[in-house]
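Quick notes on the structure that follows.
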Amino acid sequence: MGLSNFFNTLFGKAKVTADETIEKASEFATEAKVSLEELANSASQKIDELQLSEKTEDFIKTAKEKLDEASEWADEKSQQARVAFEEIIATVEEKIEELKKDKTTTTDSSSNNESNHNPE
């Protein structure tokens with residue numbers, strides 16, 4: 001029992017930690033996207049005020065596109081990480097159940113063997 005409780009606790013905490021980390025990464029990506037969009041809009045306004053060249057406007061447009069791509073990539077990777085962690089945790093939970101069954105089977109066999117060897 002001690003070993004299975006240990007693994008249940010260990011992987012339960014790992015799952016919670018993984019979920020929290022993924023959630024924080026997703027929140028960070030969202031916050032970064034919003035901040036960079038605000039910065040890009042502000043820069044765009046300054047460019048309009050200063051009447052800078054089209055090259056700068058193209059740079060801002062390209063930066064916004066790359067930011068959107070990066071945000072999508074971060075979202076995709078966080079989802080992939082969540083799925084991977086869930087698969088790992090499911091596999092470990094299956095192994096824990098197998099160990100519990102093996103222990104029960106082994107304990108039952110030893111009890112049966114002892115009863116067969118101890119005539120009363």
- prompt: For the cross-link pairs Lys77/Lys100; Lys46/Lys66; Lys66/Lys95, which exceed 32 Å when the distance is taken from alpha carbon to alpha carbon?
  reply: Lys77/Lys100; Lys66/Lys95
query: At a Förster radius of 30 Å, what calculated FRET efficiency corresponds to the Cβ-Cβ distance of Ala43 and Gln79, to the nearest 0.05?
result: 0.45
message: Could you put Phe85, Phe28 in order of accessible surface area, largest first, with the 1.4 Å probe and the full protein assembly present?
response: Phe28, Phe85
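Run the numbers for Asp102 and Leu50: contour at 0.36 nm per residue of separation, minus the present Cα-Cα distance, in nm. Please list the in-between numbers first.
Working: separation 52, 0.36 × 52 = 18.72 nm, distance 7.54 nm.
My answer for the length gained is 11.2 nm.
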Hydrodynamic radius of region 58-104 per Kirkwood, over alpha carbon pairs, in Å: 13.5
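The values are calculated or read from the model by the stated rules, or taken from the named source; none is laboratory data. This structure is a prediction, so every number in the text was calculated from the model and none was measured. All Cβ positions, glycine included, derive from the backbone under ideal geometry; neighbour counts span all protein chains shown. Just so you know, the surface numbers come from the protein's heavy atoms only, side chains and all, with ligands and any DNA or RNA stripped out. Shrake-Rupley method; radii C 1.70, N 1.55, O 1.52, S 1.80 Å.
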